[in-house]
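Reviewing the structure listed below.
The values are calculated or read from the model by the stated rules, or taken from the named source; none is laboratory data. The structure displayed is predicted, hence computed values, not measured ones. With ideal geometry, Cβ positions are generated from the backbone for all residues, glycine too; neighbour counts draw on all protein chains shown.
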Amino acid sequence: MQLCKIQQPLSRRSFVRMAGLAASLSSVGIFSESQFALAAQAAGASGQKPMSQLQMMKMMMASIPKDAVLINANENPLGPCEAARSAISSVASKGGRYDFAEMMMLMEVFGKQNNVAPEYVAVYGGSSEPLHYSVLTYSGPGHSFVAGNPTYEAGGRAAEIAKAKVIQTPLTSAYAHDVKALAAADPNAGVIYLCNPNNPTGTITSRKDILWLLDNKPKDTMLLVDEAYIHLSDAESVIDQTATRKDIIVLRTFSKIYGMAGIRCGLAVAHPDVLHKLENCGQNPMAITSCIAGRVSLEDTSLIPTRKAYIGEARTETIKFLTDNKYKVIPGSQSNCFMIDTGRNGRQVMAAMAKKKVIIGRTWSIWPNVVRISVGTKEDMAKFRTAFKEVMDAPVTASLEYPAGPTVGFAGSRLS
């Protein structure tokens, strides 16, 4: 275990989204091979001087058609609820002051709704910071980072920065996290990371299995449970475990079902002693706008069921189309993303879809033929279905070959 001395320069999803855009837009005229080479540098390709984040962002944003369908970053295209938008407007004039009152109100409302004391809740600008800070605090040389494969990669990247060994375990045959494999991976593990529902598969690991892992992991290992997508699913939370234990951190975000990815608000739930250790990685006053938007979103009782139903319908309709047309979908998603085994190089499929102005997600090194699809609006998904069938019906040609290069992932790769 180590105290945090390193802060991540990028937010939780900004790096991965930029990298995914680079992969999608390269080699199809929207994003040239020379630009792709620069993007690879930005992502940290070995031995090359990286571009700045600003340079990469400018290059990529200029390359995306304004009418493109963006279903690559697991965003919620519905945006903040109306109550949140109104609340943001109402407090904008107070932005000249540090306002801790709204942050405390957010902690109190969340705590009351989840039966945890407010001091067990810490507010951050998204769940990026607590995810990174948890890994940087509890992993390092001699204390590995353990996670499923595939899963969300940010924790693994933080572990690399902390110089911790990264250990990956395959998912089960049902695409859940293999909790027995995670528990047995390393007796000196610093952090075991479990994303539930999992990103990128959208699949569920049962509460029973997570509680088994909590009781059977190495004694001094921190279990980091990422519940970013939980409201989109029927998965059961394990937040209640934080009330009596100091070896579990649960993450939540307002970026998914609440549609606040661009507003930045997230939470870490853990014993106060654990939250205090995370403070060694940095503390910043929260934006009054994000705090009030988060609070009123929690208080909107219709938001979760309404959006869960809408996104579920769009996902179900699209998956039915895919299976009816004999495309292989990784089963079991209860999230705003799912995966398709294309039977060919997934990055070629990404490039071909980008040419049709539909920007889809990326591949993982363990599954190079599998692409992740985020669930957009029903109109977005209709355009996706049309474009995907056209791409898959067309023969693979040299013009769609994707340039060789690294892929994002914490097994030593960088750009997806």
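Before we move on, is Y175 in contact (Cβ under 8 Å) with a residue 60 or more places away in the chain, within 30 Å of P331 (Cα to Cα) and of a type in the set (S, T, Y)?
yes
Among the residues of the range 206-229, is any farther than 21 Å from F145 by Cα and buried (at least 24 other Cβ atoms within 10 Å of the Cβ)? For the range 206-229, residues farther than 21 Å from F145 by Cα and buried (at least 24 other Cβ atoms within 10 Å of the Cβ): present.
Would you pick out the residues in the range 284-328 that are among the aliphatic types (A, V, I, L, M) and crowded, with 17+ Cβ neighbours inside 10 Å?
M286, A287, I288, I292, A293, V296, L298, L303, I311, A314, I319, L322
Could you tell me how many of the residues in the range 372-391 are farther than 13 Å from K356 by Cβ, surrounded by 16 or more Cβ atoms within 10 Å (Cβ to Cβ) and basic (K, R)? Residues in the range 372-391 being farther than 13 Å from K356 by Cβ, surrounded by 16 or more Cβ atoms within 10 Å (Cβ to Cβ) and basic (K, R): 1 in total. Among the residues of the range 275-314, those that are over 30 Å from V135 (Cβ atoms) and not aromatic (F, W, Y) comprise V296, E299, D300, T301, S302, L303, P305, T306, A309, G312, E313, A314. Applying the criterion of being more than 29 Å from E379 (Cα to Cα), in a loop (DSSP other than H, G, I, E, B) and not hydrophobic (A, V, I, L, M, F, W, C) to the residues of the range 37-94, the residue that is modelled with the highest pLDDT is S52. The set of residues from the range 65-93 being in contact (Cβ under 8 Å) with a residue 60 or more places away in the chain and loosely packed, with under 13 Cβ neighbours inside 10 Å comprises P65, D67, S90, A92.
Tell me, yes or no, whether the range 227-241 has at least one residue that is more than 19 Å from Q334 (Cα to Cα) and either among the hydrophobic types (A, V, I, L, M, F, W, C) or touching a residue at least 40 places away in the same chain (Cβ under 8 Å) (or both).
yes
Where helices (runs of 4 or more DSSP H) fall entirely within the range 95-196, those with at least 1 residues that are among the polar types (S, T, N, Q) and in contact with a strand residue (DSSP E or B) (Cβ under 6 Å, 6 or more places away or on another chain) are at 128-138.
Return yes or no: is G332 assigned to a loop (DSSP other than H, G, I, E, B) and without any contact (Cβ under 8 Å) to a residue 40 or more places away in the chain? When the stated conditions are applied, G332 does not pass them. Residue selection: A354 satisfies the criterion of being aliphatic (A, V, I, L, M), modelled with pLDDT under 95 and under 23 Å from T201 (Cβ atoms). Filtering G140, G155, G202, G148 for residues that are at pLDDT 95 or above and farther than 26 Å from S333 by Cα leaves a single hit, G140. Taking the range 374-395 as the range and being within 17 Å of R347 (Cβ to Cβ) and part of a helix (DSSP H, G or I) as the test, the residues that pass are A387, F388, V391, M392. Consider R362 carefully, then state whether it is at pLDDT 95 or above, within 30 Å of R264 (Cβ to Cβ) and either of a type in the set (F, W, Y) or within 22 Å of the chain's Cα centre (by Cα) (or both). When the stated conditions are applied, R362 does not pass them.
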